[in-house]
Amino acid sequence: MHTKEEKLAAFGRLLDTMDALREKCPWNAAQTMETIRPMTEEEVYELSDTILKGDRPGTAKEIGDLLYHLVFYARIGQEEGSFDIADSLDKVVDKMVFRHPHVFGPDAGKPTSAKEIADTWELVKAREKDGNKTVMSGIPDAMPAVLKALSMQEKALGCGFDWEQKEDVWDKVVEELGEAREACGEQDLRHMEEEFGDLLFAVINAARLYGVDPEAALSGSCTKFRRRFTYLEEQTLKKGRRLTDMTLAEMDAVWDEGKAKGL
């Protein structure tokens, strides 16, 4: 592993590289925060993908790609005269020091459990200067819905607003399932959308309570479905047929065959 001095040197090299690209590369010079933003979202997903796969070399690479984007934003901010990378670093360090009084404050060294920290996290954040005015206001509107629901539930947990017993959540899931079925019977699209949303929110809540990452769980199911459907498609083509020519029963048979093989 690298020393602190080597890490600082590597970060300085990144800053120097960004300066050179911004000044000498026409493409880099033309970018704005708005043009970079979609690419940053893609980089975050690529980083997440390597973490889920346990690909440590890939994770190292993707962290670098994401850091490049963050330094890019800071360089643009510096050109605008609004902020630079030091401002961003100071802000996050100041925030972390404030949020961890058991490490940096008068309570440093006092025995504190991870649960105690999690239980008071949102209340500590609410006391921050220039912090979010409400617990939920820090959740971006643009966040994907599954992650947004999970974030909201975790923030509510941080304020003590949660199920007393995790098993109680299943009654809510069953209740929301029934309401979704009723809405479908009414054929009211707006009501159906509302009830399906409530059902999904309850299922995500259940996953959280049982320690399951709903995003990872759903992603895994998507991967499994793709694998099995690809098998179905390949087996059909081997027989000189097309999926559109098969009956549902025939497709189900091949699908079950793939499941039996562990696909």
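The values are calculated or read from the model by the stated rules, or taken from the named source; none is laboratory data. Note that this is a predicted model, so its numbers are computed, not measured. No Cβ is skipped: glycine too gets one built from the backbone with ideal geometry, and neighbour counts run over all protein chains shown.
Numerical summary
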| item | result |
| --- | --- |
| Exclusive hit being of a type outside the set (Gly, Ala, Ser), under 30 Å from Glu164 (Cβ atoms) and within 30 Å of the chain's Cα centre (by Cα), set Tyr231, Tyr210 | Tyr210 |
| For Gly158: the one exception among (1) closer than 22 Å to Leu218 by Cα; (2) in contact with a helix residue (DSSP H, G or I) (Cβ under 7 Å, 6 or more places away or on another chain); (3) at pLDDT below 90 | (1) |
| Out of Asp65, Asp107, Asp49, Asp94, sole residue that is assigned by TED's automatic domain parsing to the domain that holds Gly12 and over 30 Å from Ala217 (Cβ atoms) | Asp94 |
| Residue match in region 65-73 (condition: surrounded by fewer than 16 Cβ atoms within 10 Å (Cβ to Cβ), in contact with a Gly (Cβ under 9 Å, 6 or more places away or on another chain) and at pLDDT 90 or above) | no |
| Filtered residues of region 29-64 (kept if more than 17 Å from the chain's Cα centre (by Cα) and closer than 25 Å to Ala142 by Cβ) | Ala30, Gln31, Thr32, Met33, Glu34, Thr35, Ile36, Gly64 |
| Members of region 154-171 that are farther than 25 Å from Gly138 by Cα and part of a helix (DSSP H, G or I) | Lys166, Glu167, Asp168, Val169, Trp170, Asp171 |
| Subset of region 44-64 that is at pLDDT below 95 and of a type in the set (D, E, K, R) - its residue that is farthest from Met18 (Cα to Cα) | Lys53 |
| Search result, residues across region 204-249 that are out of contact with any helix residue (DSSP H, G or I) (no Cβ under 8 Å at 6 or more places or on another chain), within 22 Å of Tyr45 (Cβ to Cβ) and small (Gly, Ala, Ser) | Gly220, Ser221 |
